[in-house]
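The values are calculated or read from the model by the stated rules, or taken from the named source; none is laboratory data. None of the values given here were measured: they were computed from a predicted structure. Note that each Cβ is placed from the backbone with ideal geometry, even for glycine, and that neighbours are counted across all protein chains shown.
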Amino acid sequence: MEESTLNVIGAGIAMFGATIGGGFGLCKVFSTWLEGIARNPSAEPKISKIGFIAFAGTELVLLLGFVATLIILNK
């Protein structure tokens, strides 16, 4: 195989892993967030702050996978 073919395969694997990880992470964040609000509605403002931070961290993982994919493709 040529080097460019291997780069595309590697980029696809990197993006696939980042997408699967990001998807599962977001599912866990939002399900736990909603469960916490449902159990204690009065703590919603405090839980929302933590939820947004967790959401941003999970999205950061997905964006880093995307950046890694772009780096692999541009070699």
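Take the residues in region 38-60 that are out of contact with any helix residue (DSSP H, G or I) (no Cβ under 6 Å at 6 or more places or on another chain) and β-branched (V, I, T); name whichever of them is surrounded by the fewest Cβ atoms within 10 Å (Cβ to Cβ).
That would be I53.
Counting just the residues of region 1-34 that are in a helix (DSSP H, G or I) and surrounded by fewer than 11 Cβ atoms within 10 Å (Cβ to Cβ), which one comes out modelled with the highest pLDDT?
S31
What are the residue pairs meeting all of these: first residue in region 1-15, first residue of a type outside the set (K, R), second residue surrounded by fewer than 13 Cβ atoms within 10 Å (Cβ to Cβ) and modelled with pLDDT under 85, Cβ atoms under 7 Å, and 6 or more apart or on different chains?
Close Cβ pairs (under 7 Å, with a partner that is surrounded by fewer than 13 Cβ atoms within 10 Å (Cβ to Cβ) and modelled with pLDDT under 85) amount to N7/K75.
Of all residues being surrounded by fewer than 16 Cβ atoms within 10 Å (Cβ to Cβ) and among the aliphatic types (A, V, I, L, M) in region 61-75, which is farthest from N7 (Cα to Cα)? Just the residue, please.
V61
Whether any residue in region 35-48 is of a type in the set (V, I, T), assigned to a helix (DSSP H, G or I) and under 18 Å from the mean Cα position of the chain (by Cα) is what I want to check.
no
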